[in-house]
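Below is one structure; the comments refer to it alone.
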Amino acid sequence: MIGLLAAATEAWSEIKVHRVRVVLSLVGVFLAVFAMTTITAVGNMGRQMLGESFERSAGRPATLRVDAYPNGVPSPEGLAQSQAALREAAQRHRATWWGLASQPYGGGAQLPVRFPAGTQLVSTSTVDPSYGTMHRVIVDAGRWFTPDDDAAFSPRLVVNDAFAGQLGGFDPAAPPTVVLGGATPVTATVIGTSNPTGSDPAVPTAYLLNSAALRWNLGSDGTTSSPPGLEMWVPDADADALVAALQSEVQASLPGFSVSAYRQDQGADLGVLDVVLAYGVRGIGVFALLLGGIGVLNVGLVTVRQRIREIGVRRSFGATGGRVFFAVLMESVCATFLAGFLAVMASIVLVSNFPLEAVLPPTITLEDVPPFPASAAVEGVLAATLVGALAGLVPATMAVRAKVIDAIRY
């Protein structure tokens, strides 16, 4: 250990003597490590943004869906029967996060809403309170549904800005009300506003609880294009087995229905993106590091030629070839290690203090900002150190092979 520390101290002393030349040679290594770690961190943020966008439409990995369609004419009794069977299936498997939700992309009910300017059919998604967490619903004003809303004396609605605008705006302190339904109208209360990603901001849309739709017979009279299905957020490793189990169990409990169970999240697409980020960024970083290593190699060769007399004197006083080799090699390793460490620190400072809100457009949000990837920091420092070791091999070998007499005469 003493020998290692002595060699490192000696290497650091030589670096300080030739600091200008060393700093110039390390610019390439610094920039390469800085770019590699920063791009990795920014790529993680981009991956998180894309993943959150997928989750708002299809659910978090892994989200399973079970749909049950009646083989005959839809009826309120059949809808209640299918919902009861789906809820029993989720409870039987003890899922932590689950709920019933209408099909995405317009699969909910077309409810007649009596706006002040006239009655209008509004696309309404019927959901359970857990839908907000499973789909990362962003509530702009007010609140999302809670289990207590099931016992409310009037239906609760979460609407978009276009819907709220037709009511004169939304004030959480004085929630507006609106009349829903046709032959048996009911007054609903708006409790929040949310604008789903990908929907037309000029077209009114709304969320409604499944319990309220059943209780007040909303959307069960032919205005629903498809009944709500079961969504379960489960561990990725259990997804395939649960799909097969749910398919057979729900079909057995609903003989008059056509049942389909499948995984609806887009986790596979994110897996492809992870591979592209991992190998693409690493490939660019390795190429840049190799270019930086060439600069370190050139400076090392020049430095050894200038110190050849010093090396000869040390050999004449008993310094072994291994000691000389290790001392010259450590100069390159210490220099590139320091460059890599400083580059990683600079990248962490930049990424941690970057104002995302000022750069991202209003339509793109990042709810859970990922921390700086520790693996990228470690890889950056190790890669810089490895490049220094490779670049120092040639100068160290040259120093060892120099003859003592010729080195002293140099």
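Using a 1.4 angstrom probe and counting only protein chains, how large is the accessible area of Met398 in Å², to 10?
About 60 Å², rounded to the nearest 10.
Return the FRET efficiency for the residue pair Val313, Arg47: r is the Cβ-Cβ distance, R0 is 51 Å, and the value is rounded to the nearest 0.05.
Computed FRET efficiency for Val313 and Arg47: 0.35.
Taking 22 Å as R0, compute the FRET efficiency from the Cβ-Cβ separation of Val394 and Val286 and round it to 0.05. Numbers along the way, then the final one.
Working: r = 19 Å, r/R0 = 0.88.
Taking R0 as 22 Å, the efficiency between Val394 and Val286 is 0.70.
Sorted by accessible area (1.4 Å probe), largest first, how do Glu52, Glu77, Glu331, Glu367 line up?
So the residues, ranked largest to smallest area, are Glu77, Glu367, Glu331, Glu52.
Using 7 Å Cα-to-Cβ label points, what is the Asp148/Thr177 separation (nm, one decimal)?
If labels sit at Asp148 and Thr177, their model points lie 1.9 nm apart.
I need the phi-derived Karplus couplings for the stretch 123-138: 6.51 cos²θ - 1.76 cosθ + 1.60, θ = phi - 60°, integer Hz, Gly and Pro marked x.
5, 10, 8, 8, 9, 9, x, 5, 4, x, 6, 5, 10, 6, 5, 9
For a Förster distance of 30 Å, can you work out the FRET efficiency between the beta-carbons of Met345 and Glu367, rounded to the nearest 0.05?
It comes out at approximately 0.65.
Taking 0.36 nm per residue of sequence separation and subtracting the Cα-Cα distance, how much length would be gained by fully extending the chain between Ser199 and Asn217, in nm to one decimal? Show your work: numbers first, answer last.
On the way: separation 18, 0.36 × 18 = 6.48 nm, distance 2.61 nm.
Result for the pair: 3.9 nm of gain on full extension.
Would you kindly state how much longer the chain becomes between Gln110 and Tyr69 on full extension, computed as 0.36 nm times their sequence separation minus their alpha carbon distance, in nm to one decimal?
Stretched fully, the Gln110-Tyr69 segment lengthens by 13.0 nm.
If each of Tyr279 and Val378 carries a label point 7 Å out from its Cα toward its Cβ, how far apart are those two points in nm?
Distance between label points: 2.3 nm.
Given a 1.4 angstrom probe, I'd like the percentage of the accessible area of the stretch 89-181 that is carbon and sulfur, rounded to a whole number.
About 52 percent, which is the carbon plus sulfur part of the accessible surface.
Can you give the extra length, in nm with one decimal, that the chain gains between Val186 and Gln91 once fully stretched, where that is 0.36 nm per residue apart less the Cα-Cα distance?
Result: 31.1 nm gained on full extension.
The values are calculated or read from the model by the stated rules, or taken from the named source; none is laboratory data. Owing to the predicted nature of the structure, the values given are computational and were not obtained by experimental measurement. Cβ coordinates were reconstructed from backbone atoms using ideal geometry, including for glycine residues, and neighbour counts include every protein chain displayed. Heads up: the accessible areas ignore ligands, DNA and RNA and are worked out on the full protein's heavy atoms, side chains in. Shrake-Rupley method; radii C 1.70, N 1.55, O 1.52, S 1.80 Å.
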